[in-house]
Amino acid sequence: MAAMKVVLTVVFLIICLVLMVIVLLQEGKSAGLTGSISGASETYWGKNKGRSAEGKLEKYTKYGVILFMVLALVLNMF
C-alpha cells in the first residue's frame with residue numbers, strides 16, 4: 001500500500017509539472033482581443049482552433065486537470 005502511494009505521488013508530481021509547462025505555453029486570452037475588435041475573428045485559425053497548436057494545448061490542459069483532480073482525491077483517501 002505504501003509503494004502504491006509513492007508511485008501515485010510521483011505520477012501526481014509529474015502531472016503537476018506538465019500542467020505548469022502546458023499553461024505557460026498557452027497564449028493569453030487578451031492576445032486575440034485586437035483581432036476580434038477589427039473583425040478578423042472569423043479566420044481559418046479561428047474556425048479550426050481545435051486543430052491548431054493552441055487548441056491542442058487547451059485540450060491537454062483539460063485532460064491534465066481531470067487527472068490532477070482524480071489523483072488528488074485518490075491520494076487524499078490514503
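The values are calculated or read from the model by the stated rules, or taken from the named source; none is laboratory data. Computed from a predicted structure; not experimentally measured. Ideal geometry is used to build each Cβ from the backbone, glycine not excepted, and the neighbour counts take in all protein chains shown. These accessible areas exclude ligands, DNA and RNA; they are computed on the full protein's heavy atoms, side chains included. Shrake-Rupley method; radii C 1.70, N 1.55, O 1.52, S 1.80 Å.
Quick notes on this structure:
- Every pair of residues 6+ apart whose Cβ atoms lie under 7 Å, when the first sits in segment 49-63 and is of a type outside the set (Lys, Arg) while the second is at pLDDT below 90: 52/45; 54/27; 55/49
- Tabulated pairs, segment 1-20, first modelled with pLDDT of 95 or more, second assigned to a helix (DSSP H, G or I) and open to solvent by 90 Å² or more (accessible area, probe 1.4 Å), C-beta under 6 angstrom, 6+ apart or interchain: 15/67
- Tallying residues that are out of contact with any Asp or Glu (no Cβ under 8 Å at 6 or more places or on another chain) and more than 15 Å from residue 64 (Cα to Cα) within segment 11-29 yields 2.
- Just one residue in the set 64, 46, 39 is surrounded by 13 or more Cβ atoms within 10 Å (Cβ to Cβ) and at pLDDT below 90; that residue is 46.
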